[in-house]
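Worksheet: one structure, shown below.
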Amino acid sequence: MRLASTETRRRSWWRENQQTLTPYIFLIPGVLFFMVYVIVPIFESFWLSGFKWDGLGEREWIGAANYVELMDDPAFYTSLKNNVIWLVLYLLAIPAGLFIAIFLNQKVVGIRAYKSLFFFPFVISQVVVGLIFAWFYAPNFGLFYILIEKITGSGVALLADPDLVTYGIIAAGLWPQIAYCMILYLTGLNAVDPEQIEAARLDNAKGFKMLWYVILPQLRPATFLAMVVTVIGALRSFDLVSIMTDGGPFGSSRVLSFYMFEQALSEYGYRMGYGASIAVVLFLIMMVFISGFIGKMVSDERGGN
């Protein structure tokens, strides 16, 4: 009898709390994976940055020596400068994606075909994007080289010019990034309240005023997500640099993520600790921007309430 009553109590307790506990049961696997593959490696990177280690032998604790060396490393400053350029120019993807989304947010014949064409860069691999633009910029036979040669009389080997190479790679990265921002804004435009649009039209609001005062405030969630994804994409720009120039010419197109790879995992010496210190700097820069965006979003939400 006691066993039966205990079992009954357990079943009744589960039925009473089932709706409350179910979300946590589904969240536990995701949280565990996030802890193991994201949070723990972040702290390990901080810890590893204090060592001199080749990845196989014994580790030697050297404290902040890796960070002191970074302060005198010209390649680090070149990578940091390139990341700043990436960050500034990559943000152009947000207004470009917005205006393309507004253009495509129409009900006309053939608009789905146009949407597919603009969406296409997002679905192809970054490796493919890098190869396409490497051929596009190629001397003698690349379309960009031929066009510049016809206009100015002499072609420009963009990926071989230390002063221009970073801008060429950024242009390649903007192609799929604009498509991604466009998708975010198209989703946001579908949620815009049509009653507010009609009310604004009755008040003779149109053009830029309609966009600024009526549409953009309703697109804040999409804008926030586009900002975060674009900033992260700009700061961790590795694949296009690796495919298109391998950091060249003369290391002029390096970014922090690529320089970290060079120091930690390439033939430059397998300096795991030094690579971890570069990763920590990159992580802190990302956290500054992302924390700022989150703080702004929270303050806006509180102000709106």
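Where a number appears in this text, it was derived from the coordinates with a stated rule and is not lab data. Since this is a predicted model, take the numbers as computed values, not measurements. Cβ placement follows ideal geometry from the backbone for every residue including glycine, while neighbour counts extend to all protein chains displayed.
Multiply the residue gap between residue 15 and residue 99 by 0.36 nm, knock off their C-alpha separation, and tell me the result in nm, one decimal place. It would help to have the intermediate numbers written out before the result.
Values: separation 84, 0.36 × 84 = 30.24 nm, distance 5.11 nm.
So the chain would gain 25.1 nm between residue 15 and residue 99.
Helix by helix through the chain, keep the DSSP H runs that span 30 Å or more along the axis on Cα and average at least 0.5 on Kyte-Doolittle, and give those back in order. Provide the component values of the computation, followed by the final result.
Working: long enough: 2-34 (42 Å, -0.38); 165-190 (39 Å, 1.20); 272-304 (47 Å, 1.23).
Going by DSSP H runs, the hits are 165-190, 272-304.
Taking the Cα centre of the chain as the origin, how large is its charge dipole in debye, to the nearest 20, when only Lys and Arg (+1) and Asp and Glu (-1) carry charge on their Cβ atoms?
1320
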Could you please rank 47, 61, 53, placing first whichever residue has the fewest other Cβ atoms within 10 Å of its Cβ?
61, 47, 53
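Once you list every other residue whose beta carbon is under 13 Å from the beta carbon of residue 247, what net charge do they have if Lys and Arg are +1 and Asp and Glu are -1? Each step should come with its number before you reach the end.
On the way: positive: 254; negative: 239, 246, 262, 267.
Result for the neighbourhood of residue 247: -3.
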State the Cα centre-to-centre distance between the stretch 215-237 and the stretch 142-160 in whole Å.
34
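As an exercise, use a Förster radius of 41 Å and the Cβ-Cβ distance of residue 265 and residue 195 to find the FRET efficiency, rounded to the nearest 0.05. Kindly include the intermediate steps, with their values, before the conclusion.
Numbers: r = 56 Å, r/R0 = 1.36.
For R0 = 41 Å, the calculated efficiency reads 0.15.
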Using a 7 Å offset from the Cα along the Cα-to-Cβ direction at both residue 119 and residue 289, what is the distance between the two label points in nm, to one decimal?
2.7
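Net charge near residue 194, counting Lys/Arg +1 and Asp/Glu -1 over other residues with Cβ under 14 Å of its Cβ?
Values: positive: 107, 201; negative: 193, 195, 198.
Summing Lys and Arg as +1 and Asp and Glu as -1 gives -1.
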Among 277, 242, what is the fewest-to-most ranking by other Cβ atoms within 10 Å?
242, 277
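With a 10 Å Cβ neighbour count serving as the proxy for reagent exposure, in which order, fewest first, do 90, 274, 67, 24 appear? Write out the running numbers ahead of the final one.
Working: 90 22, 274 28, 67 15, 24 9.
Exposure proxy ranking, most exposed first: 24, 67, 90, 274.
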When a/c is below 1.5 the answer is rounded, else prolate if a/b is larger than b/c, else oblate, so apply that to the chain with a ≥ b ≥ c taken from the square roots of the Cα gyration tensor eigenvalues.
oblate
Going 7 Å from the Cα of residue 62 toward and past its Cβ, which residues in the stretch 262-286 have a backbone nitrogen under 15 Å from where you end up?
263-265, 268-279
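Percent relative contact order of the chain, based on C-alpha pairs within less than 8 angstrom and at least six residues apart?
Values: 318 pairs, mean separation 80.6, N = 305.
The value is 26 percent.
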Tell me which residues come under 5 Å, amide H to amide H, from residue 51 once H is placed; ignore anything under 5 positions away on its chain.
62
Tell me, what is the percent relative contact order of the stretch 201-305, built from C-alpha pairs under 8 Å that lie six or more residues apart?
20
